[in-house]
Amino acid sequence: MSYAYSPSDARPGWLSRALGWMDDRAPISWIAATVAVFTFGGPLGLLVLGFALFTGRFRWRSSRRERSGFGCGGRMNLHLSRPTGNRAFDSYKSETIARLEREQEDFEAFLIRLREARDKAEFDQYMEERARAAAAPARSEAPDAPNPDQDRPGQ
């Protein structure tokens, strides 16, 4: 069995732990670090500022857990594009993903048809009510026709 080594398998070094610690404390830690480096290190502040801007460290993220895909977005980061090295599994995975994407497209099309049907039904109901409202005053303006329920004169 072949096992591909990944740097994430190893225990992170002091730099990775420091970056993770700062990331967990939100952008304010990066702002404070940038100001401190500008104050005490001069031009190195530009390096820290560039790193923070380039890597998106100033964006508000509550924790590593959210960055890994289990946060508020509701989507999990499953690394779907990364091959595992097992051709049978990679083929199964790609077929399953394609099937799920087709099912999602079909479901979204179904929802669109459902919304269109509901809109048409509501519009048809509106048009019927409008036609009834337009017909009601027309009946009341019609010439006086004898009402069979009224008493006839002379009877």
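The values are calculated or read from the model by the stated rules, or taken from the named source; none is laboratory data. Just so we're clear, the structure is a prediction, and the values are computed from it rather than from any experiment. Counting neighbours? That spans all protein chains shown, and the Cβs are built from the backbone with ideal geometry, glycine included. Just so you know, the surface numbers come from the protein's heavy atoms only, side chains and all, with ligands and any DNA or RNA stripped out. Shrake-Rupley method; radii C 1.70, N 1.55, O 1.52, S 1.80 Å.
Pairs linking a residue in segment 23-42 that is over 12 Å from Arg57 (Cβ atoms) to a residue that is open to solvent by 30 Å² or more (accessible area, probe 1.4 Å) and hydrophobic (A, V, I, L, M, F, W, C), with Cβ atoms under 6 Å and 6 or more positions apart or on different chains, are Val37/Leu44; Val37/Val48.
Collect the residues in segment 12-34 that are of a type in the set (Asp, Glu) and open to solvent by less than 30 Å² (accessible area, probe 1.4 Å), keeping them in residue-number order. Walk me through it before giving the result.
Within segment 12-34, the subset of a type in the set (Asp, Glu) is 23-24.
Scanning segment 12-34 gives a single hit, Asp23.
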